[in-house]
Number of protein chains: 2
Amino acid sequence: MAPPIALVTASELAVQAAGQNRQDNKASTLASQDVERSNRVLRTFRCLIADLCEQFKGGHPGSAMGMAAMGVALWKYIMRYSPDNPNYFNRDRFVLSNGHACLFQYAFMHLVGYKHMTLEQLRSYHSERTDSFCPGHPEIEHEGIEVTTGPLGQGVSNAVGLAMATKHLAATYNRPGFPVVSNKIWCVVGDACLQEGVALEAISLAGHWKLNDLVVIYDNNQVTCDGSVDLANTEDVNAKMKACGWKVLTVDDGNEDIPTIVNALEQARAELQKPVFINIKTTIGIGSKVAGDAKAHGMALGPEDVANIKRESGLNADEHFVISHETYGFFTEVRERGQQYERRWEDLVEAYGKEYPDLADEFARRVKGEMVKDWTKIIPAKEDFPITPTPSRKSAGLVCNPLASELRNIMVGTADLSPSVNMIWKGKVDFQHPDLHPTCGITGDYTGRYIHWGVREHAMAAISNGLAAYNKGTILPITSSFFMFYLYAAPGVRMGALQRLQAIHIATHDSIGTGEDGPTHQPIELAALYRAMPNILYIRPADSEETAGAFIAAISSTESPSIISLSRQNLTQYPQYSSRDGVQRGAYVFIEEKDADVTLIGVGSEMKFAVEAREVLQHEYGIKTRIVSFPCQRLFERQSREYKSEVLQYRSHTRRIVVEAYASNGWERYAHAAYSMSTFGHSLPGAAAYKYFGYDSKAIALRVKTFLDDLQQEGIDDLDGEFRELNILHH
Amino acid sequence: MAPPIALVTASELAVQAAGQNRQDNKASTLASQDVERSNRVLRTFRCLIADLCEQFKGGHPGSAMGMAAMGVALWKYIMRYSPDNPNYFNRDRFVLSNGHACLFQYAFMHLVGYKHMTLEQLRSYHSERTDSFCPGHPEIEHEGIEVTTGPLGQGVSNAVGLAMATKHLAATYNRPGFPVVSNKIWCVVGDACLQEGVALEAISLAGHWKLNDLVVIYDNNQVTCDGSVDLANTEDVNAKMKACGWKVLTVDDGNEDIPTIVNALEQARAELQKPVFINIKTTIGIGSKVAGDAKAHGMALGPEDVANIKRESGLNADEHFVISHETYGFFTEVRERGQQYERRWEDLVEAYGKEYPDLADEFARRVKGEMVKDWTKIIPAKEDFPITPTPSRKSAGLVCNPLASELRNIMVGTADLSPSVNMIWKGKVDFQHPDLHPTCGITGDYTGRYIHWGVREHAMAAISNGLAAYNKGTILPITSSFFMFYLYAAPGVRMGALQRLQAIHIATHDSIGTGEDGPTHQPIELAALYRAMPNILYIRPADSEETAGAFIAAISSTESPSIISLSRQNLTQYPQYSSRDGVQRGAYVFIEEKDADVTLIGVGSEMKFAVEAREVLQHEYGIKTRIVSFPCQRLFERQSREYKSEVLQYRSHTRRIVVEAYASNGWERYAHAAYSMSTFGHSLPGAAAYKYFGYDSKAIALRVKTFLDDLQQEGIDDLDGEFRELNILHH
């Protein structure tokens, strides 16, 4: 894609000025002066990094020092961004996948003039300042940082998501002469990121989709914590990337040769067919005594070595954090150029608005991160749902597909489970390269909003974070798979929660009811993870109405991801009891009963066992039983103490028993006892699996009765947290 | 490696007989008869698969039908195994990574004569029989199944572990003329497995280690659930495998051409340098109306189609589950040959014992899965530990390294965190190909027991399952990484728990004390997952003595994996209170106090906050406080009700408050309130991070006092599960 405007050809000038034409006999005096200047800047930068790690005797100096030249190339010559407005919409995005090298990013942000990134802030790296903008890994909440990176392999996956977002928005909104979305994604990775499975999944997808707006820059220093990379990896990385559909460029001297790096980056920007992988050879901790060694990776270099580096660099060994006027001057044009980018983009968007008023109107709402239509009206009403037994995965389709159809900010994808998760809407277009002609005949293009992730759950979640991070609210990613495979996806889901990025994860086949696939596919313990994870909603709706409620909660929750946990099997519908509003409160009284002996807490796909057991308890044993529906612990925790007490009736004589086919961990807060799972599942047809594990109204009722009898016999009024597992029939 | 004995050249004969030499003009009558016979067997097999899915209208027929020819090649001609003794030690191992195609394996096991795999058992697939040997994915607890597969990508990783085990045992015990370990690993993967990150990590490692005893057979049918594979994957798989260091072979007609398949498999067996990837093109659901289509993947074909397949195959459409005498006869030599393999191996081992009695003695113990030395004597005594503050990751090294040094069944590895996890013992040898000469100079060979996994946590766990599954007790894998990255590894750890495979996971940097790396590296919610996961011990020791206890528990737990959760930072040592025996009971009284008002539950790396808060409570507020150490919930759950009550003092007036820097979910069973985390962490030096989140003896004591005051003021005696979060200072 052509640059939006034939703007500053900064990089071309720079390449020339910095001596790209040194081969020419008549290399100008200016050029050689510039090379010297660049080299002084590199040395200053490296000494600054060394000082910043030295002050608190820790941090990661080596990679940041080794990447100095690529940093100059990126921040001075290549990237189109505006330090004065880090959120300028059409900016190039930078992702540091090797996030431990964060000083690299922070220091360049300081040098090019991000206002908040003062020298004082830089010096807060590894300090006890609680308001530092310089945490040990880059964090999205600080200006100028696109995504939080740190867990290796995820940054590059996020970058793939950012590149998808660019491609998708460009295809949707750009018109001839009006490239309102035209940014590039620049992602730096280290050796480690390229070993992580999540990165390999994402790399494969980027090649498949031919995301030519993505450039991955490989800081090839051949060192990880354990030592040289060849201790654990001897593959041909370039050949592997080519096999994955990437264009591969190499730079032999990544330590000093800024012009060649700039040249490679420019080639990458101009690439029209493929994502680009630039393999740049560097020396970790260059200039220090441990250069090229793992010792340069994750600890301060020591005062002697730092002093020596300074002396060798022509700096005063006794001075610290010295940044010369020349160094600042080297980057002065960046801010002005950034302002120009921004102004010209604004002019472009204004002209676009005159030519394409409706489209521009929608585009403006997307830029603001607003919904393009009133979504609340699209959610089906209770009476629109079938009253016959329905799998909640089907209910989710009934709720979500009209939303996905009408709301162009929604992108829905599946980790190869289209036939199972019911997330396909009429007229859906696949997100694909337009030239792809798959064997099955289902083509697509970049305007498509349905994503075939392949069997890559972790990348699905991590890339979705990139989609959501492109610009707050612009894209709402919806993923889908079996709930069990959200364990594969968990590190990505966690990073979404940590970054407050909205995404909705549709997790079907959420219990032993999943059946024949057996224990490998039956989640038992996974809900405990997501119920404990900060800043995420894990919602298990009991029927279609509650599924509508789950979507309302998830869409309203713009500062967190949500997981909607759904059944494979048919669920009884409870229109007389279930309430979408109730779901918003996390738990609510489903069936009231005065002076009840027992409250059965029914959860999601297992609600019917609670309701049916109530019948048996009431009619066979005369035990008065009320039912609470409890789809979401996190939402319930936000309620008032009064509401909680009203629902759970604390300190009454009513015993609370939760019925769920999961491990009971965490339910002790709400129940005195659990009818739950304490082993892995079993391969049996869904109904038979439930039966095998004692999920049967009569068995449950009998155990509840025995529990009450036991307490009476033992004379226990106050259980005092001595929680009871009632489902002791386990095999 | 040469075959152990110049035994039956079954496959050579077979290739000839089945018409490999058809190019020869004089192809024998016998050969053409055999081709016809093979083809009838293939058709019979496919009809059997179709029938088995049809009976309960479900299952995965397509791949199993498509792979029939490769199944004949493997079970009749190639694999060295003994149906009469599925556990014969030196057997070739077969792994079905695309586990949903399990009928493929079950049906061949039936045909070659595994006694327990009767036709009646085959017909229990997808039935309600609770004692079926034919679950929806292969499960290790059933004879003849090497590993439980199902979550895609893990089977191939397990196979890498099995191949490592073979390499390692062969290098350790084989002597010239005595190849007592010489088996091969045959692993079938589908398109999906090759997309999963965990598989890509494992593939990279297998290439690095040049595991030529591993053959991965790719059932290349180009179909997954969503449709044709090219919807989500268009990479050049063969080129990618070559780049990863694999030898690649291809078979164009995998549907019928048994001789070519056999030939490729033989080439693979003969390969001396690299793992082998055989790309075999097949047609999913071959013979059915939906052949080559995703519809053949995961549902029954329907009675009409099945009848038609039978007619086309020359079988009676009205008969079901028909296996002709000819078909059984086709495989009759397999059992006899298997008995021969076994007898000759036994003879070989006997002769080996005469030549190398000491080695053979050790080998025999390894085969039996016994420890080679009395490990209990190797664990340091309490008085051997330093009493100065020590990080528990260092304590773990003090306990584990002598064990690893002396016990040759232990293999220790790290996901690129050697300098951090302290798992290196003096004289350790790396597991490496002997020709590897890494840049850092640390060479190794296949006898090595220290594994550099690279930055591949998920594969580390999944491959370790393969190491453990080779033969029960023969190898005890110990993995290591930061605790947070055991979220990446979680699907592999789970599969170890599900399969009852012993492994010990050393998880360091286990709390916000991990410090500057920030929230991406600080686990908050992860313990909740592992405390809820069935059949695993999650143990958080508080000091060196408890760390010794954790190892004792983990080593004793031969039917489950364990995670030992350790601090980065210095921990106060409590030799006067801590007890390795106490750890075995999960929780124990650390500091007793008569008529205590409060029990503070101290956990692992946060114990000192509990102990110090006790001082403040006692001396500043006159609140009598006892301390319980609670390293492992699972072990505590196994204790008697009396013991539990003794430790926790149920229904006394003593309030129980847990102090831990994790989410409190699950502690409600043991405590009335928690001083815990409800947000993600923060990038600060470890001590400052604790302080930032209120972990400070005075702050804790004050909140505990306020809690007691509140209860008094509210007149609440019985909290009745109304759990309180005391650490409300969160930012």
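The values are calculated or read from the model by the stated rules, or taken from the named source; none is laboratory data. If you're wondering where the values come from, they're calculated on a predicted model, not measured in any experiment. Don't worry about glycine lacking a Cβ; one is built from the backbone with ideal geometry, like all the others, and counts go over all protein chains shown. Quick note on the areas: whole protein, heavy atoms, side chains included, nothing else; ligands and nucleic acids left out. Shrake-Rupley method; radii C 1.70, N 1.55, O 1.52, S 1.80 Å.
Looking only at segment B:686-716, residues that are in a loop (DSSP other than H, G, I, E, B) and either touching a residue at least 60 places away in the same chain (Cβ under 8 Å) or crowded, with 18+ Cβ neighbours inside 10 Å (or both) come to 4 in all. In segment B:430-447, the residues that are assigned by TED's automatic domain parsing to the domain that holds B:S405 form Cβ pairs under 6 Å with partners that are open to solvent by 20 Å² or more (accessible area, probe 1.4 Å) and among the acidic types (D, E), at six or more places apart or across chains, as follows: B:P434/B:D445; B:P438/A:D230; B:T439/A:D230.
Listed here are the residues, each with its yes/no results for (1) over 27 Å from the mean Cα position of the chain (by Cα); (2) open to solvent by 20 Å² or more (accessible area, probe 1.4 Å); (3) away from chain A (no Cβ under 13 Å).
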residue: B:F178; (1), (2), (3): yes, yes, yes
residue: B:I185; (1), (2), (3): no, no, yes
residue: B:V188; (1), (2), (3): no, no, yes
residue: B:L200; (1), (2), (3): no, no, no
residue: B:N212; (1), (2), (3): no, no, yes
residue: B:E256; (1), (2), (3): yes, yes, yes
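Could you please let me know if B:K274 is assigned to a loop (DSSP other than H, G, I, E, B), touching a residue at least 60 places away in the same chain (Cβ under 8 Å), open to solvent by 30 Å² or more (accessible area, probe 1.4 Å) and not hydroxyl-bearing (S, T, Y)? Taking the combined requirement at face value, the residue satisfies it.
The set of residues from segment B:222-241 being crowded, with 19+ Cβ neighbours inside 10 Å, more than 7 Å from chain A (Cβ to nearest Cβ) and in contact with a strand residue (DSSP E or B) (Cβ under 6 Å, 6 or more places away or on another chain) comprises just one member, B:M241. Taking the conditions (1) in the same structural domain as A:P491 (by TED's automatic domain parsing); (2) open to solvent by 10 Å² or more (accessible area, probe 1.4 Å) in turn, A:G549 satisfies each one other than (2).
As an exercise: evaluate B:G515 against (1) in contact (Cβ under 8 Å) with a residue 40 or more places away in the chain; (2) buried (at least 24 other Cβ atoms within 10 Å of the Cβ); (3) outside any helix (DSSP H, G or I) and give the number of the one condition it does not meet. So B:G515 meets the others, but not (3). A residue that is more than 27 Å from A:R366 (Cα to Cα), within 12 Å of chain B (Cβ to nearest Cβ) and either more than 10 Å from the chain's Cα centre (by Cα) or touching a residue at least 40 places away in the same chain (Cβ under 8 Å) (or both) occurs somewhere in segment A:491-508.
When B:I387, B:I379 are screened for being assigned by TED's automatic domain parsing to the domain that holds B:T514 and either open to solvent by 20 Å² or more (accessible area, probe 1.4 Å) or of a type in the set (S, T, N, Q) (or both), only B:I387 passes.
Do you know which of the residues in segment A:630-642 that are over 27 Å from B:L529 (Cα atoms) and part of a helix (DSSP H, G or I) is least open to solvent (accessible area, probe 1.4 Å)? Going through the qualifying residues, I end up with A:R641. Only residues that are charged (D, E, K, R) and part of a loop (DSSP other than H, G, I, E, B) were counted in segment A:280-329, giving 4. Against the definition (open to solvent by 10 Å² or more (accessible area, probe 1.4 Å) and either over 26 Å from B:E141 (Cα atoms) or hydrophobic (A, V, I, L, M, F, W, C) (or both)), how does B:L537 come out, yes or no? So B:L537 does not fit the description; no. Note on segment B:648-661: among residues that are part of a strand (DSSP E or B) and open to solvent by less than 10 Å² (accessible area, probe 1.4 Å), the one that is farthest from A:D717 (Cα to Cα) is B:V659. Just to be sure before I move on: is A:I539 over 30 Å from B:S124 (Cα atoms) and touching a Cys at 6+ places or on another chain (Cβ under 6 Å) in the structure I sent? For A:I539, the condition - over 30 Å from B:S124 (Cα atoms) and touching a Cys at 6+ places or on another chain (Cβ under 6 Å) - is met.
Being out of contact with any Pro (no Cβ under 7 Å at 6 or more places or on another chain), of a type in the set (V, I, T) and farther than 19 Å from A:G496 by Cα holds for only one residue in A:V589, A:V583, and it is A:V589. Taking segment B:439-460 as the range and being touching a Ser or Thr at 6+ places or on another chain (Cβ under 6 Å) and either open to solvent by less than 10 Å² (accessible area, probe 1.4 Å) or part of a strand (DSSP E or B) (or both) as the test, the residues that pass are B:E457, B:A459, B:M460. Residues in segment A:125-167 that are more than 10 Å from chain B (Cβ to nearest Cβ) and not in a helix (DSSP H, G or I): how many? Number of matching residues: 10.
Looking across segment B:102-156 at every residue that is of a type in the set (F, W, Y) and touching an Asp or Glu at 6+ places or on another chain (Cβ under 8 Å), the one that is most open to solvent (accessible area, probe 1.4 Å) is identified as B:F133. Looking at segment B:651-665 only, could you name the residues that are modelled with pLDDT under 95 and within 7 Å of chain A (Cβ to nearest Cβ)? Answer for segment B:651-665, where residues must be modelled with pLDDT under 95 and within 7 Å of chain A (Cβ to nearest Cβ): just B:R651.
Identify, from the list A:S676, A:S664, A:S683, A:S645, the residue that is surrounded by fewer than 19 Cβ atoms within 10 Å (Cβ to Cβ), over 17 Å from A:R614 (Cβ atoms), of a type outside the set (F, W, Y) and outside the structural domain of A:P519 (by TED's automatic domain parsing). Spell out how you get there, then give the answer.
On the way: A:S676 fails: surrounded by fewer than 19 Cβ atoms within 10 Å (Cβ to Cβ); A:S664 fails: surrounded by fewer than 19 Cβ atoms within 10 Å (Cβ to Cβ); A:S683 fails: surrounded by fewer than 19 Cβ atoms within 10 Å (Cβ to Cβ).
Every option except A:S645 fails the conditions.
For segment B:46-102, the set of residues classified as part of a loop (DSSP other than H, G, I, E, B) and within 21 Å of B:P179 (Cβ to Cβ) consists of B:M79, B:R80, B:Y81, B:S82, B:N85, B:N87, B:Y88, B:F89, B:N90, B:R91, B:D92, listed by residue number. Checked against (1) in contact with a helix residue (DSSP H, G or I) (Cβ under 9 Å, 6 or more places away or on another chain); (2) farther than 24 Å from A:M371 by Cβ; (3) of a type in the set (G, A, S); (4) surrounded by fewer than 24 Cβ atoms within 10 Å (Cβ to Cβ), A:G473 passes all but a single condition, namely (2).
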